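Here's the structure we're looking at; comments come further down.
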Amino acid sequence: MQGQAQQQAYDRGITIFSPDGRLYQVEYAREAVKRGTASIGIRTNGGVVLAVDKRIPSPLLEDTSVEKIHKADDHIGIASAGHVADARQLIDFARRQSQVNRLRYGEPIGVETLTKTVTDHIQQYTQVGGARPFGVALIVGGIENGEPRLFETDPSGTPYEWKALAVGADRGELQSFLEDNYDEEADLEGGVALALDALASVNDGSLLPKEVGLATVDAETESFEQLDDDRIEEYLVENDLLDEGDAADE
C-alpha cells in the first residue's frame, strides 16, 4: 500500500522526479500525443510538406472546423498531434513571437529560433507546480536563409530537427514507411506524394480529400500555402490514392 501511495504521489506531482528519474506527467503527455490523429512533415530540396490525417468523427461536423495545420508566419507552417486546445495555445504563442521578431528586428524569425522559443515555453510547464505539461507535439516547418528546415517539439520541451517525421497515432508504422521511402533528392511534388503515400499506408491504401490536410512552404517563394480539397483530390488521383468507393457513392 505504501508503494502504491508513493507511486500516486509521483503521478500527480509534475515537479517531482520518481526514484528512477522520470517525470510521469510528461510521459502521460506523450501518451496524449499518441492518441491524436497523425501528422507528417517532410523536408525536400524544394521546400517543406505538412500533411495531416483529419478524419471526421461525424457527417454532421463541418470538416473545415477540424484544424491541424496552421500558418505561423508567411514562411512557417505548423502541424499538430494531440490535444487540439493545447496546440492552439502554442500556435498563438508562436504567432506572437513571429510578430515580435518582425517588429523588433525588421526581419522574419528563423525556423530554429521560433522552435526553440516555443520549446522553452513548453519546458516551463514541466517544472511549475499547479500546472500540467502541454499534451501536444508540433511539427514546425519553414524556410530559413533559403533552406528548408523541419523541427519537432516534444511535451518535455525538447526540439528535434528532422528530414522527415510523423507524430501522433501510428507513428511507428509511419516513421518506418518514411525511413524506407524518403529520398533526399526529391522535390516539393515528390514530398507531397510521399506524405500522401504514408498516410494511405495506415488507412487501407486510400484517402478522401476532406479527411486530409496538406500544406507546403516553397523554398523559392518562401511562402506558406494550404491546399484546398480540389487540389488534394488532384494529388490523390495522380498518385492513385483516391478512395474510389466513397467517391462513387457521392
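The values are calculated or read from the model by the stated rules, or taken from the named source; none is laboratory data. Just so it is clear, the structure is predicted and the values come from calculations on it, not from any experiment. Cβ placement follows ideal geometry from the backbone for every residue including glycine, while neighbour counts extend to all protein chains displayed. The accessibility values were calculated without ligands, DNA or RNA, using every heavy atom of the protein model including side chains. Shrake-Rupley method; radii C 1.70, N 1.55, O 1.52, S 1.80 Å.
Tabulated values for the structure
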item	result
Enumeration of residues in segment 145-199 that are of a type in the set (Val, Ile, Thr) and within 22 Å of residue 224 (Cα to Cα)	153, 167, 192
Subset of segment 77-115 [surrounded by 16 or more Cβ atoms within 10 Å (Cβ to Cβ) and polar (S, T, N, Q)]	80, 97, 98, 101, 115
Qualifying residues in segment 227-244 (those that are surrounded by 19 or more Cβ atoms within 10 Å (Cβ to Cβ) and aliphatic (A, V, I, L, M)) - the one nearest to the chain's Cα centre (by Cα)	227
Residue under evaluation residue 148, criteria (1) under 15 Å from residue 47 (Cα atoms); (2) outside any loop (DSSP other than H, G, I, E, B); (3) open to solvent by 10 Å² or more (accessible area, probe 1.4 Å); (4) in contact with a helix residue (DSSP H, G or I) (Cβ under 8 Å, 6 or more places away or on another chain), criterion not met	(4)
So residue 120, is it charged (D, E, K, R), closer than 28 Å to residue 35 by Cβ and open to solvent by less than 60 Å² (accessible area, probe 1.4 Å)	no
Residue that is least open to solvent (accessible area, probe 1.4 Å) [pool: residues in segment 155-172 that are within 20 Å of residue 54 (Cβ to Cβ) and part of a loop (DSSP other than H, G, I, E, B)]	168
Of all residues making up segment 212-226, the number that are open to solvent by 20 Å² or more (accessible area, probe 1.4 Å) and outside any loop (DSSP other than H, G, I, E, B)	5
Members of segment 160-183 found to be free of Cβ contacts under 8 Å to residues at least 24 places away in the same chain and either aromatic (Phe, Trp, Tyr) or more than 23 Å from residue 33 (Cα to Cα) (or both), listed by number	160, 180, 181, 183
Any hit, segment 148-159, residues being at pLDDT 95 or above, in contact with a strand residue (DSSP E or B) (Cβ under 6 Å, 6 or more places away or on another chain) and farther than 18 Å from residue 114 by Cα	no
Hey, residue 192 among the aliphatic types (A, V, I, L, M) and free of Cβ contacts under 8 Å to residues at least 24 places away in the same chain or not	no
